[in-house]
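Asks: The structure that follows is given in the form of structure tokens.
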Amino acid sequence: MDKRRLEEAVMKGLMAASTALILAVLLLILLTIFIRGAKAMSWSMITQTPQGGFYLGKEGGILNAIVGSFYLATGSTGLAFLLAVPVVLYLNVFCRRGCRTAAVIRFLLDVLWGVPSIVFGAFGFILMLTVGLKASLLGGIVTVALLVLPIMCRAMDEVVRMVPSELLESSYAVGATRFQTAVKVVLRQSSGGILTAVLIAFGRGIGDAASVLFTAGFSDQIPQSLMRPAATLPLAIFFQIGTPFPQVQERAYAAALILTAIVLAASLLSRRLSRRWSRHSIR
Amino acid sequence: MPLKRSDFSLKIDRAAGKIMAVLAWLSGLIVVAIAAGLFIKSLPILKSQSLGTLLFSSSWFPLRGQFGFLPFIMGSLWVTGTAMLLAVPLCLLTAIYLAEYAPRLVREGVRPLIDLLAGIPSVVYGLWGILVVVPWVQQAAKWFNAATTGYCVLSAAIVLAVMIFPVIIHMTVEILRAVPWEYREASLSLGATHWQTTKKVVLRKAFPGILAAVVLGLARAFGETMAVLMVAGNVAHSPASVWDPAYPLPALIANNYGEMMSIPLYDSAMMLGCLILLGIVLVFNILAKLVLMKAQKALQ
């Protein structure tokens, strides 16, 4: 009897300890990034582009990366959205529940989800070589759009699937076609979840480095057109931490702080918004 | 007599259905296109050397046309294996605690925090690795009488382990919660303790699902690039201990893209590296997915 109780107590202690350890690591990461980043933060950091080259120049800030990342993540999220909405509506409205086509496409999208981002980068690079495009904002946008597409599709699919079939049936009963039902009923009913999916994709897209390494390039300037290379926050961290100059490394710390803050904000916002927007949907 | 307008709506409906079907299939086939694209690009090197030489030779001299991927495959295996050894016990203990033991408030509070960990970009993990893990590993090595710069297998494994915590924990908690309560009640009513019930009933029932969660974490770790690239040390030699630097496959690809155009066959070798990576990760993912689908059916 005693032995059983002892085992119970020991295991429970181990479990609580490992949970505490994991939470402590999370806290340690956030504290490291925020404290180190806060030290590096200044007004010129967020209002100036690097002066004298991002790798060597000791003056200036990371405005190029902030704006570049924003362009890139917005563009790729938008592009993925244009593709994900029809795909998800097709899977849930045009395919009958439990149909084979939908199952196969869902499986393929899940497989795509698992593809490492460096492989997306290589594929984007092959695509760009094929059409003769150099490292540019456009190349980065297309590659990251492919990367976030499965993430967005699954997040949307999960909410759209929850739309009750009675709602679809009552729409059909008043004479609406499937397309009208999809656009006017299903989209509206699941708007909260769709917004969440967009924010999740945005957070993932803005933080990914391996896929933009060869496709978006890097530049000291703010990109003036889609054909120009663009700096991004993840690569600003990666390149500038690799220099021997402490002043340049400061820019990496600042970039890490800004990137982490954006990603966390997107994640928290998506939680809050999905609750708020779903107030008006019919249950 | 149908109205004209509804005829028009029906036409739109049919056209929209077709366009959406095409878009859906296109999105589904992206993964096939990726595999095909990489395969076509790696054909030149596959034609010039046998796959066996490429995979199992450890001489990596691109200038002499020798592309042995073994050091990089070994680097990946060392880093991923060590990461799994660190992550799996911690993840399982935490997941069991959250699913079976923690009071509801703790569970509801901790799960979002762990999911937050999943959202942190991999370069930020890499930066944390450089700032915290690398110096720490360098210090720790002294207790073991090992010399290391800190940029080694162990540092990369620690960073990777932290990165896959949320993947494994999130799925394991969901699988444990899906085990019907009746099983626990039956076991508890026979006089088993809480832990005995967990160990002999819940874990046994959930085992295939947990295995799938671990394999998904493994696939994620295997394909992870930036964080590993920043702390693994990147020396093209198979590591002999956790204190040695490693050069995992994804890091190789990320590091050598810029200069690959100047050396013949180099770009093709990189594409083959991507293809190998994709192949391994996809096999893990598909296996995990199949096991999971079976496990879900068994639980229902």
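Asks: Just the number, please: buried accessible area between B and A, total of both chains, 1.4 angstrom probe, nearest 100 square angstrom. Each step should come with its number before you reach the end.
Replies: Details: alone 16880 and 16220 Å², together 26460 Å².
For chain B against chain A, roughly 6600 Å² becomes buried.
Asks: With a/c under 1.5 counting as rounded, go ahead and sort region A:4-75 into rounded, prolate or oblate using the C-alpha gyration tensor (a ≥ b ≥ c being the square roots of the eigenvalues; past the cut-off, prolate if a/b is larger than b/c, else oblate).
Replies: Numbers: a/c = 5.13, a/b = 3.12, b/c = 1.64.
Verdict is prolate for region A:4-75.
Asks: May I ask you to rank A:D2, B:D115 by accessible area, largest first, using a 1.4 Å probe over the protein chains only?
Replies: Listed by decreasing accessible area, they come as A:D2, B:D115.
Asks: Still on this model: When the scattering of region B:1-154 is computed by the Debye formula from its Cα atoms alone, each counted once and equally, what is log10 I(q)/I(0) at q = 0.13, 0.14 Å⁻¹?
Replies: -1.02, -1.07
Asks: Just which residues of region B:119-138 lose 50 Å² or more accessible area with every protein chain there, against their chain alone, with the probe set to 1.4 Å?
Replies: Residues of region B:119-138 that lose at least 50 Å² of accessible area once the other chains are added: B:I120, B:P121, B:V123, B:V124, B:L127, B:W128, B:L131.
Asks: Based on the inverse mean of 1/r over its pairs of different Cα atoms, what is the Kirkwood hydrodynamic radius of region B:217-300, in Å?
Replies: On the way: mean 1/r = 0.0675 Å⁻¹.
This gives a value of 14.8 Å.
Asks: I would also like to ask the following. Could you grab the relative contact order for region A:108-260? Cα pairs under 8 Å, six or more apart, rounded to a whole percent.
Replies: Values: 183 pairs, mean separation 45.0, N = 153.
Across region A:108-260, relative contact order equals 29 percent.
Asks: Hey, can you list the residues from region A:200-249 whose accessible area shrinks by 20 Å² or more with all protein chains present, relative to the chain by itself (probe 1.4 Å, no ligands or nucleic acids)?
Replies: With the partner chains in place, region A:200-249 has these residues losing at least 20 Å²: A:G207, A:A209, A:A210, A:L213, A:F214, A:I237, A:F238, A:I241.
Asks: Treating only the Cβ of Lys, Arg, Asp and Glu as charged (+1, +1, -1, -1), what charge dipole size does region A:127-201 show about its Cα centre? Round to the nearest 20 debye.
Replies: Dipole of region A:127-201, to the nearest 20 debye: 220 debye.
Asks: Using alpha-carbon positions, what is the distance between the centroids of region B:13-85 and region A:150-226, in Å?
Replies: What the calculation gives is 28 Å, centre to centre.
Asks: Let me ask something else. Between their Cα atoms, which of B:K47/B:K294; B:K200/B:K294; A:K58/A:K134 are more than 30 Å away from each other? Mind showing how you got there, number by number?
Replies: Details: B:K47/B:K294 40 Å; B:K200/B:K294 21 Å; A:K58/A:K134 28 Å.
From B:K47/B:K294; B:K200/B:K294; A:K58/A:K134, over 30 Å: B:K47/B:K294.
Asks: At a threshold of 8 angstrom on Cα-Cα distance, excluding pairs fewer than six apart, so keeping six or more, what relative contact order does chain B reach in percent? List each step's numbers first, then the result.
Replies: Numbers: 381 pairs, mean separation 79.3, N = 300.
RCO, chain B: 26 percent.
Asks: Each residue of region B:170-176 in order: what ³J(HN,Hα) in whole Hz does its phi give by Karplus 6.51 cos²θ - 1.76 cosθ + 1.60, θ = phi - 60°, with x for Gly and Pro?
Replies: 4, 5, 5, 4, 5, 5, 5
Asks: Here's another thing I want to ask about it. Roughly how far apart, in whole Å, are the Cα centres of region B:132-184 and region B:191-231?
Replies: 12 Å
Asks: If you line up the Cα atoms of chain A on their principal axes, what length do they span on each, largest first, in Å?
Replies: 72, 68, 35
Asks: With 44 Å as the cut-off, how large is the P(r) tail for the protein assembly as shown, expressed as percent of Cα-Cα pairs?
Replies: 21 percent
Asks: Can you give me the % of accessible surface on the protein assembly as shown that is carbon or sulfur? Probe 1.4 Å, all protein chains present, nothing else counted.
Replies: Carbon and sulfur atoms account for 67 percent of the accessible area of the protein assembly as shown.
Asks: What spacing in nm lies between the two simple spin-label points modelled at A:R161 and A:R5, each 7 Å away from Cα in the Cβ direction?
Replies: A separation of 4.6 nm, rounded to one decimal place.
Asks: Let me ask you something else. Select from A:A231, A:A40, A:A73 the residue whose mean-square fluctuation is largest in a Gaussian network model of chain A (Cα-Cα springs shorter than 10 Å).
Replies: A:A40
Asks: Could you tell me which of rounded, prolate or oblate describes chain B, using a ≥ b ≥ c as the square roots of the eigenvalues of the alpha-carbon gyration tensor, with rounded for a/c under 1.5 and, failing that, prolate when a/b is larger than b/c and oblate otherwise?
Replies: Oblate, since a/c reaches 1.5 and b/c is not below a/b.
Asks: Using a probe radius of 1.4 Å on heavy atoms only, what accessible surface per residue do you get for the protein assembly as shown? Whole Å² is fine. Could the numbers behind the result be given before it?
Replies: Details: 26460 Å² over 583 residues.
Accessible area per residue: 45 Å².
Asks: Pick from A:I66, A:I258, A:I118: which residue has the top mean-square fluctuation in a GNM of chain A where Cα pairs under 10 Å get a spring?
Replies: Fluctuation is largest for A:I118.
Asks: Could you compute Rg(Cα) / (2.2 N^0.38 Å) for region A:1-159, with N its residue count?
Replies: Output field value: 1.56.
Asks: Checking the a/c ratio against 1.5 first, then a/b against b/c, what shape does the Cα gyration tensor give for region A:142-282?
Replies: Prolate, since a/c reaches 1.5 and a/b exceeds b/c.
The values are calculated or read from the model by the stated rules, or taken from the named source; none is laboratory data. Computed from a predicted structure; not experimentally measured. Using ideal geometry, Cβ is built from the backbone for each residue, glycine included, and neighbour counts are taken over all protein chains shown. Ligands, DNA and RNA are excluded from the accessible area calculation, which covers all protein heavy atoms including side chains. Shrake-Rupley method; radii C 1.70, N 1.55, O 1.52, S 1.80 Å.
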